[in-house]
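The structure appears right after this line, and notes come after that.
Rule-based calculations on the coordinates, nothing more; no lab input. Computed from a predicted model, the values in this text were never measured in an experiment. FYI the Cβ positions are ideal-geometry reconstructions off the backbone, even for glycines, and counts take in every protein chain you see.
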Amino acid sequence: MSEDERDEQGLASGGLVGAFTAARPALLRYLTLRGATADEADDILQEVHLKLLVEKIGPVAEQRAYLYRMTNNHFLGLRRTAGRRARREEDWVEAHSGQEREVDEQPSAETHLIAREQLALLQRVLDGLPDRTRTIFRRFRIDGEPQRRIAEDIGISISAVEKHLARAYEAIAAAKFRLDGDGGNPRHLRIERGRHDI
Amino acid sequence: MTSEAQDSARAQAIEWHIRLRHGDDAAWKAFAQWLAEDPLHAVAYDEIEQADLAIEPLLPAVSFREAANDADIETGQHRPRWHWWGLGGGAAAAAVAAALLFVPQASPSRYEVATGPGQRKIISLEPGTQVTLNGSTRMRFDRADRRFASLEAGEALFQVQHDGAKPFTLEVGGSKVVDVGTVFNVVRDAAAVRVAVAEGKVLYKSGRQTLSLDAGQAVLDSSSTGPLRVTRTTIGAVGAWQRGRLVYSGEPLSQVATDLGRALGMRITASPDIADRPFSGAIALRGTGPDELRRLTPALDVTFAQNAEGWTMTAAGAER
């Protein structure tokens, strides 16, 4: 690639393509650490690269962070697709082995029931948090406010905000474990499917 | 593998998960380093990341009980539940919201409707009366009183059926907008409340003053003291955002930045040196995100740069 071409590409996506080339080894290492196979990691990085070339993404301040986040999103997307494919194959086997089973193209009554249970569980978890923790969690997770702004607004330190958030996430993670533990993944997987396939 | 080590890994994974949401280059680099330290770390991180993904479709349907002395001082009433109906998650959220209908609720009559960045939502209150919420907007309604609404933050366009016996009342902070049968647009941000009337007539009642606004008039009520300022507004421009257009005649760039941010779902601020620069013209929004900002750059004669807090609008040529 000539200097000119490189410049053009660099301009086309705010220098991100160049940054990607430089960051590629680090991103590959990151994917490996997250548990992606070498093939998966290659696919993911190729997708990211392509996306950077096609989409003209405006100037980005923290380029590495941006690339890591993008790579992570693609990694999660790949995982989700893989999980779904595995489940579909499982369904196919079940359907062809004469076992009775609902067709799950539409969210079934059961899916609704599970969604309702999950919702009630999350509601309980959130209701169980101290008021301030809950408010901070809402502002962070739903409103997308950075920790610093929440801290300044409430008049506490950033690390105090992080402690509140950690507490909320602890409770959420703990609830999830219980759900996984009480008799089975199929229930959990069913809602996952409802979530992504609709 | 001791459970103590697991607990510690989980606590650290949670810290990382929180930090990375708005993490900079250094944070990600350090995170990769942490993952490399111990295979247990990747396992712990997967768990918290998956847990967070799993609650994503549920969040729009969850009620956030309010902190006693937070965010709800204006109403002065005890509202134990605060309903949060976002639009995030699309159809999946709709499925969950449908499921929510079956959930027995203590039903307070007031409830909250919110839109995420870049989202829109139309609320039909009664025949002939509807409210269109722009992105990043929070409103409060009352199931028992459909002629009431409160704009907590953001922007909304009101099309109101006139009822002389029961005027429609909108609360905006300490002020009220009372319609006399009309179409009007209201913006509430940290600095000011702006009301613009397209049709009919409204009364704007602030703590200091009551004004009658006719079609084609607008009022700017800034948090700093000073008299209310009534200005002319182009009727066609009121609520034009609903049709993907932003129309200006000499409004400051700071306002353009806020409006754009709301429409595109980004946090955009104008740098101080150009915040007061007047802008006239119509902006037709076609896309979203950074692409759209790039497209608008020549029309606005500015440059956009991203930082940790979002995007900053600076004078063209001042950056890079």
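Of the cross-linked pairs B:29/B:121; B:121/B:205; A:163/B:121; B:121/B:166, which ones have a Cα-Cα span greater than 31 Å in the structure shown?
Violating the 31 Å Cα-Cα cut-off are B:29/B:121; A:163/B:121.
Within 10 Å of each residue's Cβ, count the other Cβ atoms and sort B:262, B:143, B:138 from fewest upward.
Fewest to most other Cβ atoms nearby, the residues stand as B:143, B:138, B:262.
For segment B:256-305, what percent of Cα pairs sit more than 16 Å apart?
Pairs farther apart than 16 Å: 33 percent.
Taking the number of other C-beta atoms within 10 Å as the exposure measure, put A:158, B:18 in order starting with the fewest.
Ordered from fewest to most neighbouring Cβ atoms within 10 Å, A:158, B:18 come out as A:158, B:18.
Most exposed first by the Cβ proxy, i.e. fewest other Cβ within 10 Å, how do B:222, B:8 rank?
Ascending Cβ contact count within 10 Å gives the list B:222, B:8.
Please report the spacing between the Cα centers of segment B:198-241 and segment B:263-284 in Å, no decimals.
21
Beyond 17 Å, what percent of the Cα pairs of segment B:121-203 remain?
37
What residue among B:266, B:228, B:289 has its Cα farthest toward the positive end of the dipole of segment B:198-319, where the charges are +1 on Lys, Arg and -1 on Asp, Glu, each on the Cβ?
Farthest towards the positive end: B:228.
State, to one decimal in nm, how far the label point of residue B:11 lies from the label point of residue B:124, with both points 7 Å from Cα in the Cβ direction.
5.4
Tell me, what HN-Hα J-couplings in whole Hz come from the Karplus equation 6.51 cos²θ - 1.76 cosθ + 1.60 at θ = phi - 60° for each residue of segment B:7-20, using x for Gly and Pro?
After applying 6.51 cos²θ - 1.76 cosθ + 1.60, I find 4, 5, 5, 5, 4, 5, 4, 5, 4, 5, 4, 5, 5, 6 Hz.
What residues qualify as long-range amide H neighbours of residue B:251, i.e. H under 5 Å apart, gap of 5 or more or another chain, H built at 1.01 Å from N?
For residue B:251, whose amide H was placed from the backbone, the distant partners under 5 Å are B:279.
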